Amino acid sequence: MNCLRFHRDIQPAGGDELPPGASARGRERSGGHLVRSSAPVGFGRSLYSMVGVTMSRVTFMKRMIVLGLALLLPAIVHGGTGETTAGPKLGTNGTAVPEGWLQLPSRELVLDLRHESLEYGARRDAGEFLDAILNVLLEANYHVLLSDEFILDEINYYRTNLTREAPIQMSGAILACLEKARASGVLDWDSFKQIPKPGLVATERHLPWMGPPFKARAISLGGAEATNLACLHLSLKWASRSYGGAVQFSRRPGGLPGERVLLEGENALWAFAAVMRLERGGRTLFEKRYPQDEWQRAYVTILDRPAPKATQAILRDLITGLKAKPVPVPGPGGKKSRKSRTPTLLDPGLQQQ
């Protein structure tokens, strides 16, 4: 089946496209007649296969888009100068952060990701957030140790939603692998790879377990020895709002207006507020808060939505923190002068002075 036109409009008081695993009845409008359709409206679902459109939810493509935008946006914001400027005010997503705040000599880091009010509908966004964070750290050649608290939260989630995360054989296998890893202290990625993948939707919904990162061998569990390492805390508080979505396509090339089909559905759109904090030896070296983005009446693209937008802000700050710290430039007369900047955030470089 060929797709002639693809149209999508998202507005409140309807509902967002359905998350993986959810089903709802849509309305199919064809030739002026309104009929009921059981086709689900959501990324990766059969609807998009039917119209021949591959969305940015494809795991590999999405990883490249997320990392690419996070790399490009700082250069655009700062005009390509590489300089760090003070943001408008403390506590906003646009507040600039100092370069090198995440530079660690040991290249080992404990990642403690905690979710508040994480529900079944937000699972996909939560998994993709973690996947993006891991890939940024791994590309910087960091060895990431997942905190025991995070693994325990994952275990509790799968226990609670075991029957909802279909197929149950897959969710049960993920739960078994996580419980075995926590009991043994060893994260066996080969055991996760042996879990049958029912489809792309399930893979993306359960990242990183069903789709290990490129350098998964550099991810392990944090044990007693991890207490002396720096810890990157990420706390996310989730919220949702009902939105509506629709897809319009033609049944055949050159189809008449009456042959166009409109499928509509509704579900929740997710957003989160976040706090990112770096601690080492009982000291807070860096902290930044990311308020939840305000709800809009409509979103043109996926990246305009609250969760992906907040994710991009956090990724940009991570990449800035992984850059080398600015080297003092000699001033007039051969004396070294430091670049002046407003210490709006807790900066390890400033604390060591």
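All of the numbers you see were taken from the coordinates with simple rules; none came from a lab. Everything quoted here is computed from the prediction, not taken from an experiment. Cβ atoms come from the backbone with ideal geometry, glycine included; neighbour counts cover every protein chain shown.
Values as computed for the structure displayed
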{"read-out": "Linear extension gain, E287 paired with S242, 0.36 nm per residue minus alpha-carbon span", "value": "13.0 nm"}
{"read-out": "Mean Cβ neighbour count within 10 Å, used as a protection proxy, ranking 319-330, 107-118 highest first", "value": "107-118, 319-330"}
{"read-out": "Kirkwood estimate for region 275-330, i.e. one over the average of 1/r between Cα atoms, Å", "value": "13.9"}
{"read-out": "Greater than 26 Å apart at Cα, pairs in K288/K309; K215/K237; K180/K237; K197/K237; K288/K325", "value": "K215/K237; K180/K237; K197/K237"}
{"read-out": "Alpha-carbon gyration tensor eigenvalues x 5, square-rooted, for region 123-214, Å", "value": "20, 16, 12"}
